[in-house]
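The structure under discussion appears below in the form of structure tokens.
The values are calculated or read from the model by the stated rules, or taken from the named source; none is laboratory data. None of these values were measured; they are calculated from a predicted model. Backbone-built Cβ (ideal geometry, glycine too); neighbour counts: all protein chains shown. In case anyone asks, the SASA skips ligands and DNA or RNA and just uses the protein heavy atoms, side chains included. Shrake-Rupley method; radii C 1.70, N 1.55, O 1.52, S 1.80 Å.
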Amino acid sequence: MKNIKNIKTVFKILLLLLVVSSCEEDDYVAPNEFVNAGFTTDFGPAVKELNVFEYTAFMDISEGATYHEWRIPESACFLKGPIPNSTRNYDKFIINEGSTVTTDRTALVLFKEGNTSTKVTLYNEFDEYTEFILPVRDSISKTQVIDTIRTIFKDNKWIYEQTIWLDVYDTIVPDMAMRDVLGNNIDFKNLTTIDLKFEDKLVFEDLSETTNNARPTSTKWRIHTIEENEEDEINLFSGETKIDTITFNKRIGSFKGKLISKRDRTETVNGDEDTYEIPVIFNVTALDEPFIQNGDIIERADNTIVIPLSSIVADPGSSQAAFFTVNVNGSPAAITSVVKSNTTGDFLLITLENEIFETDTVTVSYDGNGAFKSLDDRPLQAFTDVPVITYVIVPTVQTGNVVELRDETIQIPFDAPFDGDTFTGDTTQGFEVLVNGVNFVISSVNLDIDNTKLNIRLVDKIYRPDVITVSYDGSGSINAVGGGIITPFSLVPVIMDNGDILNGEGSFNDPSKWVNAGNGTSTITFVTASVPNSPDTGTVAFVEAPDGNKPDLRSTDTYPFEVGKTYVWTAKRYIFPEHTTTFAKPYLDIQLSNENYNGAARGVWEDVIITEFTQAATGNFNVRLQPIPPGICKVYYDDMIIAEKEVRP
């Protein structure tokens, strides 16, 4: 806090809001004595932010005033210093309690009520009209600007009145509302208990920001056990959103809750936090229906038997294998373990000592004497000779497009995930890659991070114009999860990476990436093509201008090019019959060779080379295409690509 032992020393280091006489009325002759109005604070020209029950200092440094006042809100108090830094309660420093005006030049003001629009007013009287230049804080630009303050003639005196605004943050007063899932309000403040069934839900809403101007920034909900000592409480639910739906599905019993509303500390305002103890007990009782085995029992690819249950099961704390029987083809099978699933919790997992096969007849029984219970303490009911759907090994099929990635990897997608343990030995066995009809040596076949895809690398380099196919003869050792072998496939074409430096933005599906920098009434719009045989169902660039006007299709992003490299700029183009402009100028950092419209077909989509060029400089450049008058321009462009030219040696 502040120490006001020497107020003159303190204010020497504060921002001095000094204002001086600047002009006069036509008939007014300024006196010789110096007249100025000014004040200083401990926070400068910005709106002061502070916590309630904190104080700040104001000093009038005007000259020539005949009368002076500081005026404060009724909820504020004047203090008398010096005040030690360690002070937290200022009651004994309050003077003239109830007074809202002081004629002292220096005022220490304690704010005891939160208010975003708290004001302190400096009131001065002068013998003559005066104008003052005052630096103030502009609320929009957040910068200091110069304002002219004029005295006002009232009751035979010239009055200078300046309002200083403060934002006083109140202490947090938490409050909340509670509803059922249908939206009906629950008057919990007038209840002692709320009776719930296990898995019932209630909606909790934090209303703390509506109680005052404390402006909390975070919410925490806690539903916990009832204990004599707070440190022994067990949290059953924790939430951190303003509106939270709480499901009572952890255990049965009686519980309490609390809301913790908090405001984070900033550079100007201290943090604050308060806890609201919800004044009601939540009584949660078990569901009425029995806890049973529910649904098909299946065998997974890893030979685990999965038993679905009607509710989440509690951990029994000991081995339960003795209470289960698994018969395989009429004979009991040795059980290694029976555990609850750690994923959803409403499954049991049985592991056997020996593998079972898809042709086996398998059943599972539970005698009801084990320790498995639901979370609401209902025992698992017995079940007898429930059949198990055994796992059927399904071959893995190549599906989708085989593509070349930009790093020359050939990626092959399949319809099932692969078993990483089968990637041993020669993983290239059975695969063949033909490049322009020639068998290329495969250096590796690896599992992609997406484990439904295989990545093939070749020993030799491949080029964009190459025609590549991939085949598999079924002789390899790579299997899918569950043992599914790869179904042979033959001569599947590889879609080569187009090397597009524009990263697909030449498809014009994101209009924000392009602008019309042209002149006159030229327009460039991004529309669904209205002509037959459009290249795709997305948007195209519609470049249009009447005779004498010049459109300019320009990218908003820049793209990297390297000096000395040759690039090919291609696109799909549709020229309307009424188009008469003869050429367009492509640009990067400089103009490139023209795109020629003369002799081009009208009324059909064509794949065209706009230009081929060897780059003159390294850098990141905008892409531009500018049809040049005379003539009418009316063209669609789509799938515009710029790529480094590749030619097989």
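Being in contact (Cβ under 8 Å) with a residue 24 or more places away in the chain, under 27 Å from Ala643 (Cα atoms) and in contact with a Lys or Arg (Cβ under 8 Å, 6 or more places away or on another chain): is that true of Pro465 here? Here the answer is yes, as Pro465 does meet what is asked.
Count of the stretch 218-259 residues, restricted to those that are without any contact (Cβ under 8 Å) to a residue 24 or more places away in the chain and loosely packed, with under 15 Cβ neighbours inside 10 Å, is 11.
Inside the stretch 462-482, residues that are open to solvent by 30 Å² or more (accessible area, probe 1.4 Å) and within 30 Å of Phe357 (Cα to Cα) make up a count of 6.
Among the candidates Pro627, Pro649, the residue that is more than 19 Å from Leu502 (Cβ to Cβ) and open to solvent by 20 Å² or more (accessible area, probe 1.4 Å) is uniquely Pro649. Going residue by residue through the stretch 541-549, is there one that turns out to be at positive phi and among the small types (Gly, Ala, Ser)? Yes; the residues of the stretch 541-549 include at least one that is at positive phi and among the small types (Gly, Ala, Ser).
Can you tell me which of Ser331, Ser337, Ser341, Ser310 is out of contact with any strand residue (DSSP E or B) (no Cβ under 7 Å at 6 or more places or on another chain) and either open to solvent by 60 Å² or more (accessible area, probe 1.4 Å) or not basic (Lys, Arg) (or both)?
Exactly one residue qualifies, and that residue is Ser331.
At least 1 residues being of a type in the set (Lys, Arg) and not assigned by the TED database to the domain that holds Asp557 is the threshold, and among the strands (runs of 3 or more DSSP E) wholly inside the stretch 410-529 those reaching it are 453-458. Kindly establish whether Arg215 is surrounded by 16 or more Cβ atoms within 10 Å (Cβ to Cβ) and over 26 Å from Leu182 (Cβ atoms). Judged against the criteria, Arg215 is a match. Among the residues of the stretch 73-95, those that are under 17 Å from Tyr123 (Cβ atoms) and not aliphatic (A, V, I, L, M) comprise Pro73, Glu74, Phe78. Of the numbered criteria (1) in a strand (DSSP E or B); (2) of a type in the set (S, T, N, Q); (3) free of Cβ contacts under 8 Å to residues at least 60 places away in the same chain, the one Thr581 fails is (1).
For the stretch 313-326, a tally of residues being assigned to a strand (DSSP E or B) and buried (at least 17 other Cβ atoms within 10 Å of the Cβ) returns 3. Only one of the numbered conditions (1) touching a residue at least 40 places away in the same chain (Cβ under 8 Å); (2) closer than 21 Å to Ile501 by Cβ; (3) small (Gly, Ala, Ser) is not met by Gly603, and that is (2).
In the stretch 260-294, of all residues being at pLDDT below 95 and of a type in the set (Ser, Thr, Tyr), the one that is surrounded by the fewest Cβ atoms within 10 Å (Cβ to Cβ) corresponds to Thr266.
Contact annotation: residue pairs with Cβ atoms under 9 Å, 6 or more positions apart or on different chains, pairing a residue in the stretch 175-192 that is of a type in the set (S, T, N, Q) and surrounded by fewer than 10 Cβ atoms within 10 Å (Cβ to Cβ) with a partner that is assigned to a strand (DSSP E or B) and modelled with pLDDT of 95 or more, are Thr192/Ile281. In the set (1) open to solvent by 50 Å² or more (accessible area, probe 1.4 Å); (2) closer than 30 Å to Ala601 by Cβ; (3) not hydroxyl-bearing (Ser, Thr, Tyr), the condition left unmet by Gly538 is number (1). It is to be established whether one or more residues within the stretch 109-119 are touching a helix residue (DSSP H, G or I) at 6+ places or on another chain (Cβ under 9 Å), buried (at least 16 other Cβ atoms within 10 Å of the Cβ) and touching a residue at least 12 places away in the same chain (Cβ under 8 Å). Yes, some residue in the stretch 109-119 is touching a helix residue (DSSP H, G or I) at 6+ places or on another chain (Cβ under 9 Å), buried (at least 16 other Cβ atoms within 10 Å of the Cβ) and touching a residue at least 12 places away in the same chain (Cβ under 8 Å). Scanning the stretch 605-624 for residues that are among the hydrophobic types (A, V, I, L, M, F, W, C), closer than 23 Å to Glu505 by Cα and open to solvent by 60 Å² or more (accessible area, probe 1.4 Å) turns up just one, Ile609.
None of Lys92, Lys80, Lys154, Lys142 is open to solvent by 70 Å² or more (accessible area, probe 1.4 Å) and either at pLDDT 95 or above or in contact with a Leu (Cβ under 9 Å, 6 or more places away or on another chain) (or both) except Lys80.
Go through the residues of the stretch 127-135 one by one and say whether even a single one is open to solvent by less than 30 Å² (accessible area, probe 1.4 Å), modelled with pLDDT of 90 or more and more than 26 Å from Glu267 (Cβ to Cβ). Scanning the stretch 127-135, I find no residue that is open to solvent by less than 30 Å² (accessible area, probe 1.4 Å), modelled with pLDDT of 90 or more and more than 26 Å from Glu267 (Cβ to Cβ), so the answer is no.
Among the residues of the stretch 383-403, the one identified as assigned to a strand (DSSP E or B) and among the aromatic types (Phe, Trp, Tyr) is Phe383. Candidates Ser75, Ser62: the one that is surrounded by 19 or more Cβ atoms within 10 Å (Cβ to Cβ) and of a type in the set (S, T, N, Q) is Ser62.
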